[in-house]
Amino acid sequence: MDADRSMVSSVHKGAISAASGTGGSMKEPTGQLSLVFRKKASGKTYIAQQYFKLPLQIMNHHYQDEDGTAFVYLLNPSGGILQHDRLLTELTLEEGSRAFITTPSNTKFYKMDEGHAEVVNRAEVKKGAVLEYLPEHNVPFAGSNVYQENVFHLDRGAVLIASDMVTAGRLSRGERFEYQLYDSRTKIYVDGKLRLYDCSRMEPEKISMEATGIMEGYQANGSIYVYAQDLSSCLAEEVNKLSCGKGIRFAAGCLDPDLMIVRFLGEDLLELKSMIFTVWDALRRELLGKHAVRIRKY
């Protein structure tokens, strides 16, 4: 067995750390995943260290790009997230490594009669590394109570494309904004300085989800966060010129020369996912010099 392959199953001893999902420190995680990505001399990225505690785990990484990007599916074999779950995922991308992270299907938050669930996703992306973090959408069931936090610590010179998407609920069951709380926060740090803090707190019993500036009659919303050093000044304009499907609204805007956000609203989930793929393709071509690839989902 070569030296690179022998490291794939090694345990990342320093994985457990404090994680804030509700404004304080997360208690001991009930499920945990920690991955360290490293670039080989050949140019391929591999998982150099990993640690997992069920119900979080991964499928073995594979390759779909010629530049050696490691494609990884995050798995939760329990089928969904329950009350009192505290799930922590930590990703470290060493210098020059490239990883695409997704999930094979949507994440379900089940009814929570008492208590809540916390999901914390943390990533550290070193100089010259590229993280594409594009999980499938979240589905908060009726009665669910969810706190989610996505935190990205980037070196200047890293590249990040990350998404967060949520639906109104189990639409096939007629559920529409029947959850108690969906609180999702995204933080982006660059060289230790907080550059973006985006908070979406939706409580259907306290606010009208159909109101202007909220969901406005749409059933799903999402965001793509983009960081790259010295983004093209025309990139947001180019994204805004992309054609979209029926029932989709979206807009891209730059916060500063290195940060951009794309917002989405959609009535049809398939149309919305198709639009996100179109935007991802445009971002990949501009930032990474390659097209998006169709990812097989199960």
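Listed by position, the strands (runs of 3 or more DSSP E) contained in the range 69-165 that have at least 2 residues being touching a His at 6+ places or on another chain (Cβ under 9 Å) and within 29 Å of GLU203 (Cβ to Cβ) are 117-125, 145-154.
Say whether the condition of being farther than 25 Å from LEU82 by Cα, of a type in the set (Val, Ile, Thr) and not in a loop (DSSP other than H, G, I, E, B) is met by at least one residue in the range 179-190. Checking the range 179-190: at least one residue is farther than 25 Å from LEU82 by Cα, of a type in the set (Val, Ile, Thr) and not in a loop (DSSP other than H, G, I, E, B). Of all residues in the range 245-298, those being touching a residue at least 40 places away in the same chain (Cβ under 8 Å) and among the polar types (S, T, N, Q) number 0.
Residues are listed down the side, and each one gets a yes or a no for (1) surrounded by fewer than 17 Cβ atoms within 10 Å (Cβ to Cβ); (2) of a type outside the set (A, V, I, L, M, F, W, C); (3) closer than 17 Å to THR102 by Cα:
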| residue | (1), (2), (3) |
| --- | --- |
| LYS40 | yes, yes, no |
| GLN49 | no, yes, no |
| PHE52 | no, no, yes |
| PRO55 | no, yes, yes |
| ASP67 | yes, yes, no |
| VAL72 | no, no, yes |
| LEU75 | no, no, yes |
| GLY80 | yes, yes, yes |
| ARG86 | no, yes, no |
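In the range 133-191, of all residues being within 16 Å of the chain's Cα centre (by Cα) and basic (Lys, Arg), the one that is farthest from GLU95 (Cα to Cα) corresponds to ARG185. For ASP230, are the conditions met, namely being surrounded by fewer than 21 Cβ atoms within 10 Å (Cβ to Cβ), among the charged types (D, E, K, R) and either in contact with a helix residue (DSSP H, G or I) (Cβ under 6 Å, 6 or more places away or on another chain) or under 23 Å from GLN83 (Cβ atoms) (or both)? In short, no.
One residue stands out in the range 113-128 among those that are touching a Gly at 6+ places or on another chain (Cβ under 6 Å) and crowded, with 19+ Cβ neighbours inside 10 Å: the one that is farthest from LEU287 (Cα to Cα), namely GLU118. The criterion of being surrounded by fewer than 16 Cβ atoms within 10 Å (Cβ to Cβ) and of a type in the set (Lys, Arg) holds for ARG201.
Step by step: first the residues of the range 205-224, then only those that are over 22 Å from VAL279 (Cα atoms) and of a type in the set (S, T, N, Q), then the one that is modelled with the lowest pLDDT. Which residue is that? Filtering the range 205-224 for residues that are over 22 Å from VAL279 (Cα atoms) and of a type in the set (S, T, N, Q), the one modelled with the lowest pLDDT comes out as THR212.
Taking every residue in the range 50-78 that is without any contact (Cβ under 8 Å) to a residue 40 or more places away in the chain and pairing it with any residue that is exposed (fewer than 15 other Cβ atoms within 10 Å of the Cβ) and hydroxyl-bearing (Ser, Thr, Tyr), at least 6 positions away or on another chain, the pairs with Cβ-Cβ distances below 8 Å are LEU54/SER78; PRO55/SER78; GLY68/SER42; ALA70/TYR63. Quick one: which residue in SER105, SER184, SER200, SER163 is touching a helix residue (DSSP H, G or I) at 6+ places or on another chain (Cβ under 7 Å) and among the hydroxyl-bearing types (Ser, Thr, Tyr)? Unique residue meeting the criteria: SER163.
One residue stands out in the range 42-57 among those that are of a type in the set (A, V, I, L, M, F, W, C) and modelled with pLDDT of 95 or more: the one that is farthest from GLU132 (Cα to Cα), namely ALA48.
For the range 39-46, indicate whether the set of residues that are aromatic (Phe, Trp, Tyr), part of a loop (DSSP other than H, G, I, E, B) and over 19 Å from TYR182 (Cα atoms) is non-empty. Checked against the condition, which is being aromatic (Phe, Trp, Tyr), part of a loop (DSSP other than H, G, I, E, B) and over 19 Å from TYR182 (Cα atoms), the range 39-46 yields no hits at all. Looking at this structure, is TYR110 more than 17 Å from the chain's Cα centre (by Cα), at pLDDT 95 or above and either surrounded by fewer than 23 Cβ atoms within 10 Å (Cβ to Cβ) or more than 30 Å from HIS291 (Cα to Cα) (or both)? So TYR110 passes the test.
The values are calculated or read from the model by the stated rules, or taken from the named source; none is laboratory data. Values in this document were obtained by computation on a predicted structure and should not be read as measured data. Virtual Cβ from ideal backbone geometry, glycine too; neighbours counted across all protein chains shown.
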